[in-house]
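The values are calculated or read from the model by the stated rules, or taken from the named source; none is laboratory data. As the structure is a prediction and not an experimental result, all values here were calculated from the model. FYI the Cβ positions are ideal-geometry reconstructions off the backbone, even for glycines, and counts take in every protein chain you see.
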Amino acid sequence: MKVSARNIFKGPITALQSGAVNAEVSVAIGGGDTLVAIVTMESIRTLELAVGKEVIALVKAPWVMLMSDGGDIRLSARNSLTGTVKSVEVGTVNAEVSIALPGGSEIASVITREAAAELGLKPGATVTAVIKASNVILGVPA
């Protein structure tokens with residue numbers, strides 16, 4: 001499978017909470033890190049999702065927001081993954097930030113170069129990647 005999403009995680013479903021229209025699906029992405037996705041009940045049926053099933057979670061880099069000091073901030077986004085900046089590649093308009101998570105996974109974010117400068121992002125800095133659960137796409141091997 002080739003996709004344009006920079007962030008591709010594989011792991012088992014650890015929890016599935018069904019609702020009338022949508023379901024909340026938790027996926028273990030390694031090292032104790034978890035991604036939560038919101039998918040339709042139709043997707044649950046079509047993909048035959050269940051606890052223990054291996055899935056692929058995709059997140060496009062522009063959907064990953066970053067914050068450098070959010071210890072006292074409460075967010076509605078379900079996914080907050082804190083790690084260490086591995087690299088920052090600054091372009092004319094945007095910057096691509098690679099973050100190493102404690103569990104060994106990496107996540108990429110594309111933000112404006114001004115935001116990268118304001119957050120003081122540089123290798124070794126602590127940063128939190130924030131991802132809305134509705135921006136996590138789940139797939140299963142064919």
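Within the span defined as the range 103-125, every residue fails to be farther than 24 Å from Val3 by Cα and within 14 Å of the chain's Cα centre (by Cα). For the subset of the range 82-100 comprising residues that are more than 11 Å from Thr112 (Cα to Cα) and of a type in the set (S, T, N, Q), which member is surrounded by the most Cβ atoms within 10 Å (Cβ to Cβ)? Filtering first and then ranking leaves Ser98.
Considering the conditions (1) free of Cβ contacts under 8 Å to residues at least 12 places away in the same chain; (2) outside the structural domain of Gly124 (by TED's automatic domain parsing), Asp72 is excluded by exactly one of them, (2). Filtering the range 76-86 to residues that are in contact with an Asp or Glu (Cβ under 9 Å, 6 or more places away or on another chain) and either outside any strand (DSSP E or B) or among the charged types (D, E, K, R) (or both) leaves Arg78, Lys86.
Counting the residues of the range 17-75 that are crowded, with 17+ Cβ neighbours inside 10 Å and of a type in the set (Asp, Glu) gives 1.
Give all pairs with beta carbons closer than 8 Å in which a residue from the range 117-137 that is within 15 Å of Gly83 (Cα to Cα) and hydroxyl-bearing (Ser, Thr, Tyr) meets a residue that is at pLDDT below 95 and in a helix (DSSP H, G or I); count only pairs at least 6 apart in sequence or on separate chains. Matching pairs, first to second residue: none at all.
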